[in-house]
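Have a look at the structure below before the remarks.
FYI, it's all coordinate maths here, none of it is from the lab. None of the values given here were measured: they were computed from a predicted structure. When we count neighbours, we look across all protein chains shown, and the Cβ atoms used for this are built from the backbone with ideal geometry, even at glycine.
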Amino acid sequence: FTIEELSAAIQAIRRSSPDCIVFVDNCYGEFVEYFEPLEAGADLIAGSLIKNPGGTLAVSGGYIAGREDLVGLCAEILTAPSLGNKIGPTFGLTRQLLHGLFLAPHVVGEALSGAILAAQLFECLGYQVSPRACQTRADIVQAIKFNSQDELLRFCHGIQKAAPIDAHYMPIPSLMPGYTDEVVMAGGTFIQGSSIELSADAPLREPYIGYLQGGMSRQHVEIGLKYALRELGITEGQTS
């Protein structure tokens, strides 16, 4: 949902239930729009620091923000009643977390530039994409619908080959907790599981939709897309 859509939904909820607590999972959405869900009326938001707000530097962690009383309750559940956020381990990573947060808006901008490029490129090649290059974005994820499982896997192989880490590995589909279908993941990232770094994943079921996200720089996304096109057997002449 865009912030505008979210705001309209929250207002409708408030009219029906004024006392309800609105919580938003903000993963992949931080710094994409001018406003965040709290400014759309949400009471509480949470997200992962190995996604947008970590700026590719945070090695782990998450955040909770919003109403002071609700954040306090969350902190007490995490630690202990009355202690709340007054204690808790940071593992000496405070500087790194803040450094990543400082860089995050720029890194998200690079990832968005790469996603827009991917949308335009694959739409020109005849693939269905969501969102389209010209559409408003609410997160950094770019969906591309492929014609077959083989195409989807080849795309992920190309993204992996462009990775700075583990580029020589081939992503193999496998079952994962929480999924009913096998899932393939391409992500040769400096931080394990990071999806603000260039990565792609997909469940192996129809429709064969691959989800591309992240990219520390637009240039790296361009390189990743070139490798993906090569794996798909598409030449540069076909993209011009």
Extension gain from residue 85 to residue 15, taking 0.36 nm per residue of separation minus the Cα-Cα distance: 21.9 nm
For the residue pair residue 73 and residue 99, what label-to-label distance in nm results when each label sits 7 Å from Cα along the Cα-to-beta-carbon direction? 3.7 nm
Of all DSSP beta bridges in the chain, what percent run antiparallel (nearest 5)? 90 percent
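Net charge near residue 112, counting Lys/Arg +1 and Asp/Glu -1 over other residues with Cβ under 15 Å of its Cβ? Intermediate results must be reported in sequence, preceding the final value.
Values: positive: 51, 132, 137, 218; negative: 30, 33, 110, 139, 197, 222.
Computed value for this residue: -2.
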Taking the C-alpha atoms of segment 55-158, convex hull volume expressed per residue in Å³: 162 Å³
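How do 152, 198, 232 rank when sorted from fewest to most other Cβ atoms within 10 Å of their own Cβ?
232, 152, 198
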Between residue 205 and residue 25, what is the spin-label point distance in nm, taking each point 7 Å from the Cα along the Cα→C-beta axis? 1.6 nm
Normalised alpha carbon radius of gyration of segment 3-93 [divisor 2.2 N^0.38 Å]: 1.21
Once you have a ≥ b ≥ c as the square roots of the Cα gyration tensor eigenvalues for segment 134-228, tell me rounded if a/c is under 1.5, and otherwise prolate or oblate according to whether a/b is larger than b/c. rounded
Range in the chain, longest, excluding exposed chymotrypsin sites (Phe, Trp or Tyr not before Pro) [loop by DSSP; at most 10 other beta-carbon atoms within 10 Å]: 92-240
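What do you get for trypsin sites (Lys or Arg not before Pro) in segment 39-86 restricted to DSSP loop and a cutoff of at most 16 other Cβ within 10 Å of the site's Cβ?
67
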